[in-house]
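Trainee: One structure, pasted below without further comment.
The values are calculated or read from the model by the stated rules, or taken from the named source; none is laboratory data. Treat the numbers as computed from the prediction; the structure is a model and nothing was measured. All Cβ positions, glycine included, derive from the backbone under ideal geometry; neighbour counts span all protein chains shown.
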Amino acid sequence: MADTNAYEGPAEAGFGDYVALLKPRVMSLVVFTAFVGLWIAPVPMNPFVAFCSVLFIALGGGASGALNMWYDSDIDAVMKRTAGRPVPSGRVSRDDALAVGLALSGLSVMMLGLAANWFAAGFLAFTIFFYAVVYTIWLKRSTPQNIVIGGAAGAFPPMIGWACATGGIGLESLLMFALIFFWTPPHFWALALFMNNDYTKAGVPMLTVTHGRRVTRRHIFGYTLVLAPFAIWLAFTSVGGPFYLAVSAVLNVMFIAGGWQILRRSEEQAEADGYKVEKRYFRQSLYYTFLHFLALLVQHWMGGW
Amino acid sequence: MVMLPRVEHELHKRRRSRNIGLLVVLLAFAALVFGLSIVKITNGDMMEGFDHQPRASVLPQDPNPPAKPAGPVAAPGTPGARALEESP
């Protein structure tokens with residue numbers, strides 16, 4: 001018996017497919033860091049306005065995710081990690097992804113301007129432009145430094161949160177930026193060490209592809225050394241304190257030790273145990289940022305120096 | 001009249017999920033804007049913007065305002081003005 005199907009047109013997207021377009025997992029980091037930036041700022045905000053501001057920053061982040069999926073659908077289809085995304089799997093058309101991205105960009109910037117202030121809104125617009133155009137369109141396919149510069153887009157949210165409350169930029173918000181900015185390269189390069197085949201297939205010039213794994217391991221260790229002073233410096237500003245200093249010191253020692261382990265390993269050792277150390281380091285890097293920002297929140301609650 | 005069987009295709013399920021999702025999002029958005037308005041108005045934030053004519057309330061305060069007349073002023077022809085004229 002043969003099954004007949006009258007219409008086998010383009011797949012119909014469910015609501016969840018549009019949510020997936022906004023990269024909800026990336027959004028969760030954006031929400032958390034933006035909230036911390038906003039909450040620990042010296043100017044108090046009405047809780048409802050603060051809630052709306054964080055929501056619109058997250059929406060802007062989601063919009064840039066949709067624009068990224070629109071432009072990158074060709075390479076997403078090749079990579080195992082991203083082949084199931086709504087555009088390469090055919091559930092959402094490229095045009096729809098572009099439309100959702102542009103509409104939500106405009107909406108989130110307008111609403112953030114009305115809820116908080118226009119400096120924060122301009123900052124959000126710049127962040128969306130930076131991620132969608134500077135990173136996705138210009139850098140990602142052309143330079144192995146792609147994630148270093150693109151990491152700035154992920155580092156802006158706590159600064160936008162801070163700008164929502166204060167209407168400007170401060171040393172503290174710049175240091176929170178530095179914390180995420182210098183953390184991004186070791187985080188993604190650790191991922192690239194055990195996901196290399198994906199990037200090679202897609203032709204994305206990751207450092208592991210263009211300069212080899214030896215160089216990548218050296219870079220990871222180098223960045224952990226650059227990162228540590230900025231993380232510790234934050235302890236001696238108006239948002240820092242003894243608790244944050246203790247947490248940050250422990251986390252940085254562990255992160256540098258992990259980077260050192262990665263540096264000392266040869267490819268044979270890594271392949272022998274299935275990249276165990278690299279995978280552990282990648283997980284550890286996720287905790288690194290989360291716990292730093294959590295410590296800032298706790299320190300704010302406890303009071304500073 | 002022929003009764004056609006109503007078959008629920010998977011496509012209809014997806015379409016419904018989209019419609020309900022959009023409804024929830026729109027209602028939540030309306031609630032959000034309403035809440036923001038309430039907060040902004042009760043906090044007494046500056047709500048007046050430029051409206052094609054000068055507004056006294058949004059202008060900076062004049063450090064040397066023009067002197068006000070000392071006594072009460074009544075419009076000519078009104079009982080108040082007549083009373084002022086008749087008084088010595």
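Trainee: Is it fair to say A:Leu29 is touching a helix residue (DSSP H, G or I) at 6+ places or on another chain (Cβ under 8 Å) and either modelled with pLDDT of 95 or more or within 14 Å of chain B (Cβ to nearest Cβ) (or both)?
Mentor: No: the conditions fail for A:Leu29.
Trainee: For A:Ser73, are the conditions met, namely being at pLDDT 90 or above and more than 22 Å from A:Asn117 (Cα to Cα)?
Mentor: Yes; evaluated as a whole, the condition is true for this residue.
Trainee: Which of the numbered conditions does A:Ala270 fail, given that it passes all the others? Conditions: (1) within 24 Å of the chain's Cα centre (by Cα); (2) surrounded by 18 or more Cβ atoms within 10 Å (Cβ to Cβ); (3) assigned to a helix (DSSP H, G or I).
Mentor: Tallying (1) within 24 Å of the chain's Cα centre (by Cα); (2) surrounded by 18 or more Cβ atoms within 10 Å (Cβ to Cβ); (3) assigned to a helix (DSSP H, G or I), A:Ala270 fails exactly one: (1).
Trainee: Could you list, in sequence order, all residues of segment A:94-113 that are within 14 Å of another protein chain (Cβ to nearest Cβ) and surrounded by 16 or more Cβ atoms within 10 Å (Cβ to Cβ)?
Mentor: Across segment A:94-113, the qualifying residues are A:Asp96, A:Val100, A:Leu104, A:Ser108, A:Met111, A:Leu112, A:Gly113.
Trainee: Would you please list the contacts, defined by Cβ atoms under 6 Å and residues six or more apart or on different chains, that run from a residue in segment A:4-17 that is at the interface with chain B (Cβ under 9 Å from one of its Cβ atoms) to a residue that is exposed (fewer than 10 other Cβ atoms within 10 Å of the Cβ) and modelled with pLDDT under 50?
Mentor: none
Trainee: Turning to a different aspect of this structure: Name the single residue that is surrounded by the most Cβ atoms within 10 Å (Cβ to Cβ) among those in segment B:26-46 being modelled with pLDDT under 95 and away from every other protein chain (no Cβ under 11 Å).
Mentor: Looking at the filtered set, the residue picked out is B:Ile41.
Trainee: When you check A:Ala6 against the structure, is it over 18 Å from the mean Cα position of the chain (by Cα) and either modelled with pLDDT under 90 or hydrophobic (A, V, I, L, M, F, W, C) (or both), yes or no?
Mentor: For A:Ala6, the condition - over 18 Å from the mean Cα position of the chain (by Cα) and either modelled with pLDDT under 90 or hydrophobic (A, V, I, L, M, F, W, C) (or both) - is met.
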